[in-house]
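Here's the structure we're looking at; comments come further down.
The values are calculated or read from the model by the stated rules, or taken from the named source; none is laboratory data. Note that the structure is a prediction, hence the values are computed from the model and not measured. A quick note on method: Cβ atoms are made from the backbone with ideal geometry, for glycine too, and the neighbour counts reach across all protein chains shown. Side chains included, ligands, DNA and RNA excluded: accessible areas come from the protein's heavy atoms. Shrake-Rupley method; radii C 1.70, N 1.55, O 1.52, S 1.80 Å.
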Amino acid sequence: MARLTVLTVPDARLRVKAKPVSVVDDMIKSILNDMVETMHAEDGIGLAAPQVGISLRLIVISLDGETIYKMVNPEIIWRSNEESTCNEGCLSVPEQNAEIKRPKAIKMTYLDENGVKQSIESDDLLATCIQHEIDHLNGKLYIDYLSSLKRQLYINKVKRLKRYEEG
Ligand SMILES: [Zn+2]
């Protein structure tokens, strides 16, 4: 396994719509494992392939560090009208967070790392996290739900943070 570099805003690669995976082969399994290692190393609870510069529809999620979801071609097939608000953060927008309102419950399908179709219904943090990660596959970030002024503020903060890190 290898730790991958997480891209941060305003990297243009975060804005590209990712392509579906045609076959879940050893290469895909290897990418998923590298994504899990990277997510854990960065103390994240979810990571989407575009965040590490790979334009494929792959996401990994682990809310408790133990149960790990590796999802290929995830798709939301139902969203509740009821919404909930969650304080979201993102490894691609480091050290920032914001209250984001999304559908509270979802039903979704995906292929697991063996290429077997799975489905999940969730109405808690997992539902929020899945929606956040699938947004990444469509080139969308949680800061897009904020006003353009606030979004630009966040991007500028991350730019300053990165300049500081790079010395
Ligand atoms: Zn994110």
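Taking only DSSP H segments of four or more residues, each worth -39500 (n - 2.57), what value at 222 nm results for the chain once the sum is divided by all its residues, to the nearest 500 deg cm²/dmol?
-9500 deg cm²/dmol
Report the full-extension gain for the segment THR67 to SER119: residue separation times 0.36 nm, less the Cα-Cα distance, to one decimal in nm.
Net length gain for the segment: 17.2 nm.
Can you tell me which of 28-36, 75-83 comes out highest on packing, and rank the rest after it, using the mean Cβ neighbours within 10 Å?
Descending mean neighbour count gives 28-36, 75-83.
Could you pull out every residue, at least 5 positions away or on a different chain, whose amide H is within less than 5 Å of the one on GLN96? Hs are placed 1.01 Å off N in the peptide plane, and Pro or chain starts have none.
Those lying under 5 Å, H to H, from GLN96 are CYS90.
Over all directions, the average projected area of the alpha-carbon convex hull for the chain comes to how many nm²?
Result: a mean projected hull area of 9.5 nm².
Cα gyration tensor of the range 32-127, axes a ≥ b ≥ c as square roots of the eigenvalues: rounded (a/c below 1.5), prolate (a/b > b/c) or oblate?
oblate
Show me 11-21, 42-52 ranked by packing, highest mean number of other Cβ atoms within 10 Å first.
42-52, 11-21
State the percentage of accessible surface on the chain attributable to carbon and sulfur atoms; use a 1.4 Å probe and exclude ligands, DNA and RNA.
Roughly 47 percent of what the probe reaches on the chain is carbon or sulfur.
Could you compute the FRET efficiency for ARG15 and ASN81, with r as their C-beta to C-beta distance and R0 at 30 Å, rounded to 0.05?
0.55
Please give the per residue accessible area of the chain, computed with a probe of 1.4 Å over protein heavy atoms only, in Å².
I get 54 Å² per residue for this part.
Would you kindly state how much longer the chain becomes between TYR164 and ALA2 on full extension, computed as 0.36 nm times their sequence separation minus their alpha carbon distance, in nm to one decimal?
55.8 nm
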